[in-house]
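Chemist: Pasting a structure here, questions to come.
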Amino acid sequence: MSMTSRERLMAALNHKQPDRVPIDLGGYPGATSMNVLAYDKLKKYLRLAVDKELRLANVWMFTAEFDKEILDKFGVDTCCATPTISLNDFGTPQQFQDVWKVNWAFSESDTYAPLDGPFFKENGTLTALRAFDWYTPGELSNAQEWREKATELRQSSDRALIAKLPLGIVTLTQLLRGFDDWLADLYTNREFFDELMDRCAETWIRSATAMIDAVGDQIDVFVWGDDYGFQNGPMISPEMFSEVVTPRYKRMLRTIKEKTNAKILLHSCGSVHAYLDEFIDMGIDALNPIQVSAKDMDPARIKDKYGDRIALWGAVGIDDLISDTPSNVKKLVRRRISELGKDGGYVLSATHNLLGDVPLANVVAMFEAAAES
């Protein structure tokens with residue numbers, strides 16, 4: 001019997017066999033979405049909804065909110081419940097500053113790249129940290145706006161609703177401090193490092209709690225991004241990760257799990273195989289993007305070893321989508337579904353946002369093959 005999109009996704013995340021593998025596009029606007037400029041071209045390519053207003057789902061990544069017509073066309077089972085803003089209202093500024101006082105600049109890839117943050121270089125002191133003006137949850141999100149959007153989507157669609165939690169504390173502290181100094185602080189400026197991590201964790205908990213209080217009964221999956229891997233290995237040793245990351249996230253996620261039955265999805269790029277046991281111990285239900293081009297991230301091996309304990313979300317390599325033919329893209333999608341879809345535990349998506357360098361014919365081929373599975 002055919003499932004609804006919501007039933008299909010939740011079956012997969014509960015490691016039960018759905019009627020087909022669920023498909024995600026735009027559920028997490030930080031990594032499973034499409035650049036807003038490329039999306040505008042896709043709408044024209046498909047001759048669908050070309051006159052509708054373009055909206056930004058993620059400012060840093062400059063990704064789009066998807067029209068219902070596109071989601072229907074591709075058989076997508078997810079929908080992002082995080083409020084968006086009009087591209088016309090935001091514009092395309094060359095630089096802007098976010099609520100964390102991090103400065104961003106528009107890049108050649110049509111996304112924003114960080115320039116500097118409030119604790120760069122000589123500002124990495126406890127004095128500067130304790131004088132910092134931390135934002136309030138209300139400055140990050142409007143609870144009523146979240147509630148209204150989630151309620152409208154739940155009433156008008158059977159898609160699984162996904163909402164984005166605040167940025168993870170590892171990536172955030174690196175943006176605030178600068179990556180090189182963040183790494184040095186871990187060994188030579190530990191008091192500052194620990195207090196910065198703790199303050200970010202406390203702010204994360206307050207913000208996430210406000211979001212869940214507003215929409216937790218409507219949302220199926222809460223997601224956040226926090227990158228821990230390089231292309232050729234983990235960012236820090238598993239032992240150090242267990243010391244400085246896992247205990248904080250256990251506290252953060254315990255707060256969330258006490259307030260909602262929604263699943264927890266982590267986005268973490270790169271080679272993160274070394275942390276999989278830690279992710280499971282932290283309470284992560286699903287991992288995205290399964291970056292197949294990174295060391296030790298063969299999805300079939302991960303499925304074989306961990307597939308009954310954590311769901312895999314992604315695994316269609318962005319490099320393949322850029323360089324291959326539509327026919328080969330379809331073959332790749334079918335192979336991923338065959339490798340990862342047995343007994344549930346798999347949600348199909350690209351391993352990163354679709355930018356302007358991905359041929360639109362390959363975008364169509366990916367979703368055609370997935371919907372036909």
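Chemist: Would you check if LEU355 is touching a residue at least 60 places away in the same chain (Cβ under 8 Å), touching a helix residue (DSSP H, G or I) at 6+ places or on another chain (Cβ under 8 Å) and buried (at least 18 other Cβ atoms within 10 Å of the Cβ)?
Modeler: yes
Chemist: Please work out which residue is surrounded by the most Cβ atoms within 10 Å (Cβ to Cβ), limiting yourself to region 222-236 and to residues that are assigned to a loop (DSSP other than H, G, I, E, B) and in contact with a Lys or Arg (Cβ under 9 Å, 6 or more places away or on another chain).
Modeler: GLY233
Chemist: Is there a residue in region 36-54 that is part of a strand (DSSP E or B), within 24 Å of TRP224 (Cα to Cα) and within 21 Å of the chain's Cα centre (by Cα)?
Modeler: No, there is no match, as no residue in region 36-54 is part of a strand (DSSP E or B), within 24 Å of TRP224 (Cα to Cα) and within 21 Å of the chain's Cα centre (by Cα).
Chemist: Can you pull out the helices (runs of 4 or more DSSP H) entirely within region 169-221 that have at least 3 residues that are farther than 19 Å from PRO114 by Cα?
Modeler: Output list reads 179-188, 190-215.
Chemist: Read through the list (1) surrounded by 20 or more Cβ atoms within 10 Å (Cβ to Cβ); (2) of a type in the set (A, V, I, L, M, F, W, C); (3) within 25 Å of ILE318 (Cβ to Cβ), then give the number of the only condition that PHE179 fails.
Modeler: If we test PHE179 against (1) surrounded by 20 or more Cβ atoms within 10 Å (Cβ to Cβ); (2) of a type in the set (A, V, I, L, M, F, W, C); (3) within 25 Å of ILE318 (Cβ to Cβ), just (1) comes out false.
Chemist: Quick test of your reading of the structure: VAL245 fulfils all but one of (1) at pLDDT 95 or above; (2) surrounded by 17 or more Cβ atoms within 10 Å (Cβ to Cβ); (3) farther than 21 Å from TYR306 by Cα. Name the failing condition by number.
Modeler: Looking at each condition in turn, VAL245 falls short on (3).
Chemist: Moving on to the next point. Name every residue in region 154-165 that is buried (at least 21 other Cβ atoms within 10 Å of the Cβ) and in contact with a Ser or Thr (Cβ under 7 Å, 6 or more places away or on another chain), in order of residue number.
Modeler: Correct list: ARG159, ALA160, ILE162, ALA163, LYS164.
Chemist: Tell me, which residue of region 259-307 that is among the acidic types (Asp, Glu) and under 18 Å from THR246 (Cβ atoms) is surrounded by the fewest Cβ atoms within 10 Å (Cβ to Cβ)?
Modeler: Taking the candidates together, the pick is ASP281.
Chemist: Another question about this same structure. Given PHE66, PHE96, which one is under 21 Å from the mean Cα position of the chain (by Cα), farther than 23 Å from SER268 by Cβ and either aromatic (Phe, Trp, Tyr) or in a loop (DSSP other than H, G, I, E, B) (or both)?
Modeler: From the options PHE66, PHE96, the qualifying one is PHE66.
Chemist: In addition: Filter region 53-90 for residues that are more than 21 Å from MET10 (Cα to Cα) and among the small types (Gly, Ala, Ser) and give the result.
Modeler: Correct list: ALA57, ALA64, SER86.
Chemist: So, one more: Report, ordered by the first and then the second residue, all pairs with beta carbons closer than 6 Å, sequence separation of six or more or different chains, a first member in region 71-95 that is among the acidic types (Asp, Glu), and a second member that is part of a helix (DSSP H, G or I).
Modeler: ASP77/SER5; ASP77/ARG8; ASP77/LEU9
Chemist: Quick check: is even one residue across region 83-92 within 21 Å of the chain's Cα centre (by Cα), crowded, with 16+ Cβ neighbours inside 10 Å and either of a type in the set (Ser, Thr, Tyr) or farther than 18 Å from VAL36 by Cα (or both)?
Modeler: Yes, there is a match, as at least one residue in region 83-92 is within 21 Å of the chain's Cα centre (by Cα), crowded, with 16+ Cβ neighbours inside 10 Å and either of a type in the set (Ser, Thr, Tyr) or farther than 18 Å from VAL36 by Cα (or both).
Chemist: Tally time: how many residues in region 330-345 are out of contact with any Gly (no Cβ under 8 Å at 6 or more places or on another chain) and surrounded by 24 or more Cβ atoms within 10 Å (Cβ to Cβ)?
Modeler: Result for region 330-345: 2.
Chemist: Exactly one of (1) part of a helix (DSSP H, G or I); (2) under 25 Å from ASP357 (Cβ atoms) is unmet by ASP89. Its number?
Modeler: Answer for ASP89: the failing condition is (2).
Chemist: Return yes when PRO299 is in contact with a Cys (Cβ under 9 Å, 6 or more places away or on another chain) and in contact (Cβ under 8 Å) with a residue 12 or more places away in the chain and no when it is not.
Modeler: No; evaluated as a whole, the condition is false for this residue.
Chemist: Give region 142-174 a look and list any residue that's in contact with a helix residue (DSSP H, G or I) (Cβ under 9 Å, 6 or more places away or on another chain) and within 15 Å of CYS200 (Cα to Cα), or say none.
Modeler: Listed by number, the residues that qualify are LEU165, PRO166, LEU167, GLY168, ILE169, VAL170, LEU172, THR173, GLN174.
Chemist: Hey, can you tell me all the residues within region 66-82 that are under 13 Å from LYS43 (Cβ atoms) and surrounded by 24 or more Cβ atoms within 10 Å (Cβ to Cβ)?
Modeler: PHE66
Chemist: Continuing with the same structure: Please go through region 207-248 and give me each residue that is among the aromatic types (Phe, Trp, Tyr), in contact (Cβ under 8 Å) with a residue 40 or more places away in the chain and either in contact with a helix residue (DSSP H, G or I) (Cβ under 8 Å, 6 or more places away or on another chain) or within 22 Å of CYS80 (Cα to Cα) (or both), ordered by number.
Modeler: Those that are among the aromatic types (Phe, Trp, Tyr), in contact (Cβ under 8 Å) with a residue 40 or more places away in the chain and either in contact with a helix residue (DSSP H, G or I) (Cβ under 8 Å, 6 or more places away or on another chain) or within 22 Å of CYS80 (Cα to Cα) (or both): PHE222, TRP224, TYR228.
Chemist: For region 113-144, give me each residue that is assigned to a helix (DSSP H, G or I), modelled with pLDDT under 95 and surrounded by 14 or more Cβ atoms within 10 Å (Cβ to Cβ).
Modeler: Those that are assigned to a helix (DSSP H, G or I), modelled with pLDDT under 95 and surrounded by 14 or more Cβ atoms within 10 Å (Cβ to Cβ): PRO137, LEU140, ALA143.
Chemist: Right, here's the next one. Hey, does region 198-220 have a residue that's surrounded by fewer than 21 Cβ atoms within 10 Å (Cβ to Cβ) and on the phi > 0 side of the Ramachandran plot?
Modeler: There is no residue in region 198-220 that is surrounded by fewer than 21 Cβ atoms within 10 Å (Cβ to Cβ) and on the phi > 0 side of the Ramachandran plot.
The values are calculated or read from the model by the stated rules, or taken from the named source; none is laboratory data. Model, not experiment: these values are computed from the prediction. Heads up, the Cβs are rebuilt from the backbone with ideal geometry, glycines too, and the neighbour counts pull from every protein chain shown.
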